[in-house]
1. Can you spot a residue in the stretch 76-93 that is outside any strand (DSSP E or B) and without any contact (Cβ under 8 Å) to a residue 12 or more places away in the chain?
2. Please indicate, with yes or no, whether at least one residue in the stretch 45-52 is touching a helix residue (DSSP H, G or I) at 6+ places or on another chain (Cβ under 7 Å), modelled with pLDDT of 90 or more and not basic (K, R).
3. Filter the stretch 1-46 for residues that are surrounded by 10 or more Cβ atoms within 10 Å (Cβ to Cβ) and assigned to a strand (DSSP E or B) and give the result.
4. Given F23, F58, which one is farther than 18 Å from P106 by Cβ, under 17 Å from the mean Cα position of the chain (by Cα) and hydrophobic (A, V, I, L, M, F, W, C)?
5. The conditions are (1) among the basic types (K, R); (2) touching a residue at least 24 places away in the same chain (Cβ under 8 Å); (3) touching a His at 6+ places or on another chain (Cβ under 8 Å), and K100 fails exactly one of them. Which is it?
6. Taking the condition of being closer than 12 Å to V40 by Cα, in a strand (DSSP E or B) and at pLDDT below 95, how many residues in the stretch 59-75 meet it?
Amino acid sequence: MSISQIITIVVAIILISFILWWFFGKHKEQAGIAQVNNGVQEANIIVNGGYSPSTVIFKEGMPAEVNFDMKDSTACLSHIVFEQLGVDKDLTKKPVTTVKIPTDKPGEYNFACGMDMFHGKVIVK
């Protein structure tokens with residue numbers, strides 16, 4: 001086996017390992033906790049190649065809003081869809097788009113981009 005074949009095999013193994021880690025590895029991200037301003041819970045999510053944070057937590061019983069701050073003009077991320085809430089908003093119309101979240105009972109509301117490739121959730125507890 002020549003040196004170029006060995007290098008090719010090593011590089012291929014490294015690339016395959018990286019791809020497996022990227023797609024199947026456990027990536028931990030802490031959930032964002034809402035801040036209370038004038039009696040309304042607010043959470044800010046940065047839209048830039050995904051959602052950061054991808055999970056936000058609200059307390060039950062107090063009005064809540066999620067502010068999506070659009071930093072990425074990718075077509076996929078141009079819409080935010082909360083299927084359970086019947087929300088489909090275009091994020092390109094304003095720098096920050098607000099979605100009101102019902103907090104009358106505990107639960108989880110999943111959201112995704114318009115193509116359902118990037119995901120996140122809002123937890124009310």
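The values are calculated or read from the model by the stated rules, or taken from the named source; none is laboratory data. Model, not experiment: these values are computed from the prediction. We place every Cβ from the backbone using ideal geometry, glycine too, and count neighbours over all the protein chains shown.
1. Yes, that holds for at least one residue.
2. Yes: one or more hits.
3. Hits for the stretch 1-46 are G32, I33, Q35, V36, V40, Q41, E42, A43, N44, I45, I46.
4. Matching residue, one of F23, F58: F23.
5. (3)
6. Adding up the residues that qualify gives 0.
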